[in-house]
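Trainee: Quick one: the structure is below, and I'll ask about it shortly.
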Amino acid sequence: MGSTHETAEPVPDSRDNTGPVHTPGRLAVVLISGLIAASSLAIAPPASANGDCPSWFAGRGTGTPADPYQVSVPLDIEEIGYCLSASFIQMNDVALTGTWAPLGTSGQPFTGTYDGGGFSISNLNISLSTTDDVGLFGYISGATITGVNIISGSVTSREYVGAIVGRAVNSSITQSSSAASVSGVNQVGGIVGESAWATGPNRSLSQIFATGAVTASGNYVGGLAGVTTSLVISNTYATGSVSGDYQVGGLIGENNSSSLSNSYAIGRVTSGGPDRAHGGVMGQESAGTYSGVTWDVDTTGESIPNYPVPAAIEGNTTTAMKSIATFRDLGWSIGSLWTGNTTWVICPQANNGYPFLSAFYTAQTAPCINRSGPPPDVDQQVGRTAGQDCATAGNAELNIGGVASGSWGQSWAQWMNGATGGFVCNRTLYYNMAYGRWEVRT
């Protein structure tokens, strides 16, 4: 069996392959205890939303994080508006009809959890030209949104407009995507209009991407988010065109004091004029920290942004943006084949040749994979610290993640200590096709 070699590169994806995952499109499979099983529809709900969540979802959960309400049809999503502090899990793809009202307002925000299960929501159409805080979720506070994938629709409003969330406070949005177009006036983004953090554990935008066009007549406009404040943002990208007047960015309109890592943007950026703040990644920023961030200078039209670009953000040509070497130089965990063992994958036959997030696929659905057999083994090597015992070291002690844990051996590697050599902890992972997970080869 062939083998790829990763030198001192941590495994970034800590999924244990027991949760639901999604392929963009119409995937309806769930990984249960490592086994792939077809998803079945939940018990049919009543004919119309009734505002009484316990009776509405009777037999389909109790609304707690441990036993969330099960969402299967459009009316289940409508019912969320009557129990904004509860927990929910989507059980299958949901096709909406008609025009929808956002879930949660500034006076009554959504404060619960919503796990989209990696399934899709299609036909999200919202048109509220005189309303603020508009998206699938209008206003969320202290909430957790994960696994939501909007594959079609159009969201139009005034301020704080996003496909998944209009305005988020002290909340997290993870492993989610949107292809819906979004338009408004100010604070407009492909995923979220504005997301800000002040207190509490939820502050991340992670493993999310947007492909829809974002259009605004005013300020703070981004392909992913209009405004971000004091967040931890990682592994994101946006590909749709972005247009607005001021503070217009391919990824974020304005970033304030947030960390941004391993992210990129390629959509055409159009501002109100050459003197208006605009850029391939951000329209404007203040006190942010950056690593591994880039943009396509050709497709965005932003070869020279008109604001000072932080040194850790660098533009690249389209050719470079489709080369794995570019992203390895930026420190990304990226491979040319899907193995489930890197955060990103890049290959000519997927995502128009740009990197994509591997967590949105399984071994059965991923592009860029050797389908004649399992993916190649992955050799992991991590420099051993003084006095460390590789045989008993855990993944956390070695600062490495992974779906498999432990079973580290020890060997000598010349690349250690400035190429003078040293001991490393090592192991080999193989992909168990029967169980859909990585395991340690013994």
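Trainee: Give the Cα extents of the range 39-190 along the principal axes, in whole Å, largest first.
Mentor: Dimensions of the range 39-190 along the principal axes of its Cα atoms: 43, 28, 27 Å.
Trainee: If you take the charge dipole of the range 17-360 about its Cα centre, with +1 on Lys and Arg Cβ and -1 on Asp and Glu Cβ, which of Gly166, Ile346, Gly135 is farthest toward its positive end?
Mentor: Ile346
Trainee: So how far apart, in nm, are the two label points at Asn432 and Ile304 if each is 7 Å from Cα heading toward Cβ?
Mentor: Calculated label separation equals 5.8 nm.
Trainee: Quick one: order Asp67, Asp132, Asp298 by neighbouring beta-carbon count within 10 Å, fewest to most. List each step's numbers first, then the result.
Mentor: Values: Asp67 12, Asp132 22, Asp298 16.
The fewest-first ordering by Cβ neighbours comes to Asp67, Asp298, Asp132.
Trainee: On to the next question. Which residue, chosen from Thr229, Ala49, Gly104, occupies the Cα position most advanced towards the positive end of the dipole of the chain, where the dipole is computed from +1 (Lys, Arg) and -1 (Asp, Glu) charges on Cβ about the Cα centre?
Mentor: Of the listed residues, the answer is Ala49.
Trainee: Next up: Tell me, what HN-Hα J-couplings in whole Hz come from the Karplus equation 6.51 cos²θ - 1.76 cosθ + 1.60 at θ = phi - 60° for each residue of the range 224-234, using x for Gly and Pro?
Mentor: 10, 9, x, 9, 10, 9, 6, 9, 10, 10, 8
Trainee: Could you work out the helix-only [θ] at 222 nm for the chain, with each DSSP H run of four or more residues adding -39,500 (n - 2.57) and the total divided by the number of residues, to the nearest 500 deg cm²/dmol?
Mentor: Value at 222 nm, helices only, nearest 500: -1000 deg cm²/dmol.
Trainee: Given Ile304, Phe360, Gly184, which one lies farthest toward the positive end of the charge dipole of the chain, if we put +1 on the Cβ of every Lys and Arg and -1 on the Cβ of every Asp and Glu?
Mentor: The listed residue farthest towards the positive side: Phe360.
Trainee: Please give the charge dipole size of the chain, origin at the Cα centre, charges +1 on K and R Cβ atoms and -1 on D and E Cβ atoms. Round to the nearest 20 debye. Don't skip to the answer; put the middle values down first.
Mentor: Working: 15 positive and 29 negative charges, 112 e Å.
Dipole about the Cα centre, nearest 20: 540 debye.
Trainee: Return the distance in nm (one decimal) between the two label points of a simple spin-label model at Gln349 and Trp415, each offset 7 Å from Cα along Cα→Cβ.
Mentor: Spacing of the two 7 Å Cα→Cβ label points: 2.8 nm.
Trainee: Semi-axes, largest first, in whole Å: what does sqrt of 5 times each Cα gyration tensor eigenvalue give for the chain?
Mentor: Each semi-axis is √(5λ); the values are 36, 29, 19 Å.
Trainee: Order by neighbour count: Ile89, Ile173, fewest other Cβ atoms within 10 Å first, most last.
Mentor: Ile89, Ile173
Trainee: What are the semi-axes of the equivalent ellipsoid of the range 107-234, taken as the square roots of 5 times the eigenvalues of the Cα gyration tensor, listed largest first and rounded to whole Å?
Mentor: 19, 16, 13
Trainee: Using amide H atoms built 1.01 Å from N in the peptide plane, name the residues 5+ places from Val71, or on other chains, whose amide H lies under 5 Å from its own.
Mentor: Amide H neighbours of Val71, under 5 Å, 5+ apart: Ile89, Gln90, Met91.
Trainee: Given a Förster radius of 60 Å and the C-beta distance between Ala391 and Asp52 as r, what FRET efficiency does 1/(1 + (r/R0)^6) yield to the nearest 0.05?
Mentor: Values: r = 57 Å, r/R0 = 0.96.
It comes to 0.55.
Trainee: Apply the Karplus parameterisation 6.51 cos²θ - 1.76 cosθ + 1.60, with θ equal to phi minus 60°, to every residue of the range 405-412 and state each ³J(HN,Hα) to the nearest whole Hz, in sequence, with x for glycine and proline.
Mentor: Along the range 405-412, the couplings run 10, x, 6, 8, x, 9, 8, 9 Hz.
Rule-based calculations on the coordinates, nothing more; no lab input. A quick note: this is a predicted structure, and the numbers were derived from the prediction, not measured. Positions of Cβ are generated from backbone atoms using ideal geometry, with glycine treated the same way; all protein chains shown enter the neighbour counts.
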